[in-house]
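Here's the structure, in structure tokens; my notes come after.
The values are calculated or read from the model by the stated rules, or taken from the named source; none is laboratory data. All values derive from a computational prediction rather than experimental measurement. Positions of Cβ are backbone-derived with ideal geometry, glycine not excepted, and every protein chain shown enters the neighbour counts. The accessibility values were calculated without ligands, DNA or RNA, using every heavy atom of the protein model including side chains. Shrake-Rupley method; radii C 1.70, N 1.55, O 1.52, S 1.80 Å.
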Amino acid sequence: MNNNRKLYCTPSTPKRRRLGNSKIASLTQTRGSVKHNVNTSKHIQITENCDSPPLPCNQVEYLCDSDSNSSVCSDIPCSPGVLETCNILDNIDNWKSFVDSKPSTEDSLSISIAKDVFKESFHSNIDSNNHYMDDKQKTDQYKEDVENSFNIINQSICNNDNAHFETKDSFLLDIRESGIIDNNYPTIESEPKNNQFNNFYGLPLLTKGLFKSYRNIEKFYDWQEECLNLNAIKERQNLIYALPTSGGKTLVAEVLMLREVLVRKRNSLFILPFVAIVQEKIWALSPFAIQLDFLVEEYAGGKGHLPPKKRRRKNSIYVATIEKGLALIRNLIELNRLDEIGLIVVDELHLIGEPGRGGTLETLLSTVIFAKKGIQIVGMSATIGNLPDLAGFLQAHIFQRQFRPVELTEYVKLGDMLHKIVWSSGDMELVPDRKLAFDYTEAGYRMDPDLVGGLVSEVVPQDSCLVFCPTKRNCQSVATLLCNMQRSDMLSHRIQDRIALQSALRTEGASADLVRCVRAGVAYHHAGLASDERCLLEQAFRSGVISVLCCTSTLAAGVNLPARRVILRAPLVGREFISLSSYRQMVGRAGRAGVCDAGESIVICGAREWPQLKNVLSSGLPPVTSQLKPIVASLLISAIALNLANDVRGLKEFLGCTLLAKTELSLNIEELCEENLIALLKSGALEFVGKTGQMTDMINDDLKLIVSKLGQAAIKSCLELEIARQLLEDIHQASQSLVLLGSLHLLYLMTGDTVVRPDYRHYYSLYCAFDEEASQTARVLGITERYAVRMITGKPITNIPERVLHRFYIALMLRDLWRLTPVADVADKYGVSRGLVQAALTSACAFASSAERLCGELSPLWPYKALFHDLAVRLRTCSMPELEQLMELPAVRKARAMQLYRAGFRRVEEVARASEESLSSAVQHLSLSAAQHLISAARMMLIEKVENLRADAEEVMDELKM
């Protein structure tokens with residue numbers, strides 16, 4: 001820990017009195033006499049239950065019930081700036097009680113000086129000398145005094161060994177005692193510059209100890225060393241590296257990002273496909289951030305500052321979803337701060353060919369390439385069939401290997417025979433391995449003709465098994481089947497843990513079928529479950545409480561859950577036949593380094609399906625194609641709004657940098673650009689500079705273009721132009737008769753594109769029970785009793801768009817959530833899955849934030865900006881106000897926040913200050929390791945708040961031109 005770290009206050013901090021140098025010196029000497037080395041006074045806490053998010057690295061050893069797995073809970077300073085108000089000195093008494101009930105003499109002195117430093121204004125420097133900016137010496141002295149005062153406050157926080165958090169969980173003592181580094185090895189702050197960054201792949205040797213302690217990694221694979229020493233990496237050129245799943249790709253990306261923030265002092269952006277993976281990576285990088293003095297910032301869902309905080313003393317790794325990553329890049333370009341980012345890493349690069357998100361990812365990468373700010377782009381994937389095309393688009397080198405640390409054996413089950421897939425020179429051969437014979441009764445064969453139960457019983461409960469099913473319904477039916485077919489040893493495995501899991505699931509409102517399956521060590525996992533339920537099941541599977549998880553294909557790419565055996569119940573994904581990339585993703589879950597020493601995959605296939613499956617497996621990976629064409633208009637608008645190009649010629653050049661231009665060779669890019677420009681000009685989203693008169697279909701390359709207010713508002717709100725236009729139309733209609741008896745009408749405007757198809761008979765029963773607010777809102781939208789009767793009689797409803805009926809149905813669901821009705825009860829009331837309820841809430845929350853920004857850019861809509869702001873804040877948690885702060889913690893939702901609150905942990909600071917033993921004993925169904933991760937997450941939140949205060953203070957200093 002850096003004892004010289006400075007703490008900055010917010011712009012609202014009171015002005016200060018000049019602090020004499022002698023007073024500062026005397027305090028420094030006093031503090032120095034009692035200072036302890038925080039880094040060597042602690043040891044790492046080892047826990048047994050590993051039910052926290054995994055470290056998503058392919059070389060990580062996730063050992064549950066093992067003494068070799070260390071959980072990270074590093075000590076950080078807490079700050080008076082992260083209490084209930086940012087005004088430090090106005091709350092000095094609260095701060096003192098937070099630090100310790102009985103401060104030492106030195107702490108009392110520092111607190112006294114802290115009061116003296118901040119209680120009064122800057123009068124001695126500003127008011128008494130209005131022309132101080134003309135005197136460089138006084139300016140420098142003033143800045144030095146401010147820095148010293150922050151040092152004093154920071155030392156009073158950091159140097160109190162017992163005041164904030166227990167000091168027993170430091171990793172440094174563990175590293176030194178293990179012999180990884182010498183006891184005399186200096187920290188990153190004190191190590192000589194000429195020896196600091198040349199010991200561990202260009203990083204300080206301390207990083208090697210961190211990988212050993214937190215990842216159980218002592219040596220990199222040969223391919224990783226080769227990749228990190230490529231000329232393309234040394235010369236900061238773009239790179240795509242491709243290896244099979246579980247080959248260790250993520251570890252290389254982490255080393256590159258650490259180099260960027262520690263050596264080059266530039267920020268990094270890590271693009272990941274799903275919110276769940278973003279959260280896993282936040283957990284994995286947080287210990288490194290605490291010990292190596294950088295920040296990890298989450299940009300997913302409703303989290304992340306836009307624009308990001310401008311920091312001068314710390315660099316950040318932004319971990320973002322694709323959509324949030326694009327918003328971040330656009331904000332940085334708008335503020336001319338894109339050069340703050342030095343590296344962008346894209347995981348699962350093949351998603352650029354996926355409809356929807358693929359176009360967004362291509363827009364992000366094309367924008368960065370065209371901006372020409374020298375940003376290095378590194379992409380990784382296991383399933384790209386046309387690497388040269390992607391490399392041409394990214395102007396990147398290619399590194400490709402077929403390494404897999406754990407051998408994967410692939411099988412196909414045809415009838416009762418298990419065939420082994422043998423690959424030779426790219427050709428696939430099927431070799432009979434063994435005939436399956438299990439001690440089934442006649443009734444057992446009728447229940448399970450495909451012998452799924454027998455295949456599962458060969459590996460459980462000693463090892464784990466994933467069963468991929470085509471649909472959500474099939475997941476549940478297979479899980480029920482396996483429950484009925486389990487042997488006695490499976491039923492007697494970890495009984496007490498399963499009983500505790502059943503109790504936790506009941507608390508979350510899980511269905512009786514799921515709770516019953518858990519007793520047998522089996523569960524199902526799909527998007528229909530609430531996120532809290534999925535989280536509990538994932539943790540239980542990692543820790544071995546659940547041995548079998550029946551899941552849909554989305555789990556293969558969305559969650560890091562390795563298993564000994566993977567079974568594909570059928571060669572289908574939904575109703576579509578499986579693709580090779582989907583197959584690779586699913587079987588890649590089998591066998592992970594540090595988890596099991598071998599991996600097996602089995603595809604259950606019928607005789608009629610085998611020829612098609614054989615063709616898929618032997619045909620090679622399909623090429624990745626561009627998905628940009630449907631959103632070219634948005635790309636062009638953003639390019640003009642961000643001043644990347646402001647004439648037709650520049651826009652054509654920009655479009656020529658995209659993957660669309662590199663792969664669709666038959667497509668005339670110039671014509672496509674002109675067609676979209678003409679459509680945008682006619683719609684009013686774009687305007688010619690200085691040109692009036694009727695719009696024609698002829699434009700030339702030299703014409704200058706600007707974005708209209710509508711287009712500018714759409715870009716600022718991160719909405720597609722058509723979605724923004726639809727929202728404005730909805731607002732215009734609502735303005736004529738807005739119902740403000742409650743929140744329902746406003747929630748209707750936020751329903752977005754969530755798809756739900758209600759049962760109209762049930763819809764009618766809800767209609768009959770409408771209260772005054774719902775009835776009046778329905779009438780305004782055109783849903784009258786006449787049409788309600790048509791619902792129950794089955795007659796077609798022609799005068800009202802079906803979209804309006806569906807959106808109002810979702811709005812009713814959101815209103816119940818707004819009224820703090822549990823998710824499970826809302827799902828039962830409206831006949832939908834809990835997953836869909838939460839998806840609707842998440843979508844509405846994000847849409848409300850975008851709507852607020854849209855209305856803020858269009859001055860006539862300022863009243864709606866105020867309405868949507870409060871709506872977005874309330875939708876983010878849909879909980880009691882006192883729970884909102886606790887729900888900012890990662891993976892803490894309403895039920896867990898309520899447990900924390902009732903246990904006496906009512907602020908983030910109180911969670912951060914707790915020990916894992918006290919937190920685990922106070923909160924039901926919270927294991928020691930989960931408590932440890934929760935405490936670590938709380939401490940990371942406080943660090944970020946402190947750094948935000950520092951950034952605000954530095955911004956004020958800049959405005960004063962200091």
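Answer with yes or no whether ILE602 is open to solvent by less than 30 Å² (accessible area, probe 1.4 Å), of a type in the set (A, V, I, L, M), in contact (Cβ under 8 Å) with a residue 40 or more places away in the chain and at negative phi. Yes; evaluated as a whole, the condition is true for this residue.
Under the condition of being open to solvent by 10 Å² or more (accessible area, probe 1.4 Å) and either over 17 Å from LEU644 (Cβ atoms) or among the hydroxyl-bearing types (Ser, Thr, Tyr) (or both), the residues counted in the stretch 341-375 number 10. Kindly indicate whether ALA930 is within 30 Å of ASP825 (Cα to Cα) and modelled with pLDDT of 75 or more. When the stated conditions are applied, ALA930 does not pass them. Among residues of the stretch 434-455 being aliphatic (A, V, I, L, M) and open to solvent by 60 Å² or more (accessible area, probe 1.4 Å), the one that is farthest from CYS550 (Cα to Cα) is ALA437.
Here LEU328 passes the criteria (1) touching a Gly at 6+ places or on another chain (Cβ under 9 Å); (2) open to solvent by less than 10 Å² (accessible area, probe 1.4 Å); (3) closer than 30 Å to GLY588 by Cα except the one numbered (3). Answer yes or no: is there a residue in the stretch 209-221 that is polar (S, T, N, Q) and at pLDDT 85 or above. Checked against the condition, which is being polar (S, T, N, Q) and at pLDDT 85 or above, the stretch 209-221 yields no hits at all. Screening LEU269, LEU258 for residues that are more than 30 Å from ARG534 (Cβ to Cβ), within 20 Å of the chain's Cα centre (by Cα) and open to solvent by less than 10 Å² (accessible area, probe 1.4 Å) leaves exactly one candidate, LEU258. Can you confirm whether the stretch 611-631 contains a residue that is hydroxyl-bearing (Ser, Thr, Tyr), touching a Ser or Thr at 6+ places or on another chain (Cβ under 7 Å) and modelled with pLDDT of 90 or more? Yes - at least one qualifying residue is present in the stretch 611-631. Scanning the stretch 814-823 for residues that are without any contact (Cβ under 8 Å) to a residue 40 or more places away in the chain and either part of a helix (DSSP H, G or I) or within 16 Å of VAL756 (Cα to Cα) (or both) yields a total of 1. Scanning the stretch 456-478 finds no residues that are open to solvent by less than 70 Å² (accessible area, probe 1.4 Å), under 31 Å from the mean Cα position of the chain (by Cα) and basic (Lys, Arg).
The number of residues in the stretch 559-591 that are farther than 30 Å from GLU218 by Cβ, outside any loop (DSSP other than H, G, I, E, B), in contact (Cβ under 8 Å) with a residue 60 or more places away in the chain and out of contact with any strand residue (DSSP E or B) (no Cβ under 9 Å at 6 or more places or on another chain) comes to 3.
Of the listed requirements (1) closer than 21 Å to LEU871 by Cβ; (2) modelled with pLDDT under 90; (3) not β-branched (Val, Ile, Thr), PHE808 misses just one: (2). In the stretch 487-538, the qualifying residues are those that are among the β-branched types (Val, Ile, Thr) and touching a residue at least 40 places away in the same chain (Cβ under 8 Å), and the one that is surrounded by the fewest Cβ atoms within 10 Å (Cβ to Cβ) is THR507. Being among the aromatic types (Phe, Trp, Tyr), touching a helix residue (DSSP H, G or I) at 6+ places or on another chain (Cβ under 6 Å), more than 25 Å from VAL255 (Cα to Cα) and modelled with pLDDT of 90 or more is the requirement here; does PHE438 meet it? So PHE438 fits the description; yes. Residue count for the stretch 781-819, restricted to those that are loosely packed, with under 15 Cβ neighbours inside 10 Å and closer than 14 Å to GLY742 by Cα: 1. In the stretch 757-780, the residues that are farther than 21 Å from GLY794 by Cα and open to solvent by less than 60 Å² (accessible area, probe 1.4 Å) form Cβ pairs under 7 Å with partners that are polar (S, T, N, Q) and at pLDDT below 90, at six or more places apart or across chains, as follows: VAL780/SER737. The single condition among (1) among the polar types (S, T, N, Q); (2) within 16 Å of TYR524 (Cα to Cα); (3) over 21 Å from the mean Cα position of the chain (by Cα) that SER582 does not satisfy is (2). Residues that are free of Cβ contacts under 8 Å to residues at least 60 places away in the same chain and not in a helix (DSSP H, G or I) within the stretch 450-486 comprise LEU451, GLN462, GLN486, listed in sequence order. So is LEU536 under 17 Å from ALA590 (Cβ atoms), in contact with a Leu (Cβ under 9 Å, 6 or more places away or on another chain) and part of a helix (DSSP H, G or I) or not? For LEU536, the condition - under 17 Å from ALA590 (Cβ atoms), in contact with a Leu (Cβ under 9 Å, 6 or more places away or on another chain) and part of a helix (DSSP H, G or I) - is not met. The set of residues from the stretch 240-266 being farther than 15 Å from LEU203 by Cα and not aromatic (Phe, Trp, Tyr) comprises ILE240, ALA242, LEU243, PRO244, THR245, SER246, GLY247, GLY248, LYS249, THR250.
Among residues that are assigned to a loop (DSSP other than H, G, I, E, B), on the phi > 0 side of the Ramachandran plot and more than 28 Å from the chain's Cα centre (by Cα), GLY594 is not included. Within the stretch 716-727, the only residue that satisfies the criterion of being touching a residue at least 60 places away in the same chain (Cβ under 8 Å), assigned to a helix (DSSP H, G or I) and open to solvent by 20 Å² or more (accessible area, probe 1.4 Å) is LYS716. Yes or no: the stretch 414-428 includes at least one residue that is open to solvent by 30 Å² or more (accessible area, probe 1.4 Å), small (Gly, Ala, Ser), in contact (Cβ under 8 Å) with a residue 12 or more places away in the chain and on the phi < 0 side of the Ramachandran plot. Scanning the stretch 414-428 turns up no residue that is open to solvent by 30 Å² or more (accessible area, probe 1.4 Å), small (Gly, Ala, Ser), in contact (Cβ under 8 Å) with a residue 12 or more places away in the chain and on the phi < 0 side of the Ramachandran plot. Do you know which of the residues in the stretch 686-707 that are at pLDDT 85 or above and open to solvent by less than 70 Å² (accessible area, probe 1.4 Å) is nearest to GLU323 (Cα to Cα)? Among those residues, the one meeting the criterion is VAL707. Has the stretch 611-626 got at least one residue that is open to solvent by less than 60 Å² (accessible area, probe 1.4 Å), of a type outside the set (A, V, I, L, M, F, W, C), in contact with a strand residue (DSSP E or B) (Cβ under 9 Å, 6 or more places away or on another chain) and free of Cβ contacts under 8 Å to residues at least 60 places away in the same chain? No: the stretch 611-626 contains no residue that is open to solvent by less than 60 Å² (accessible area, probe 1.4 Å), of a type outside the set (A, V, I, L, M, F, W, C), in contact with a strand residue (DSSP E or B) (Cβ under 9 Å, 6 or more places away or on another chain) and free of Cβ contacts under 8 Å to residues at least 60 places away in the same chain.
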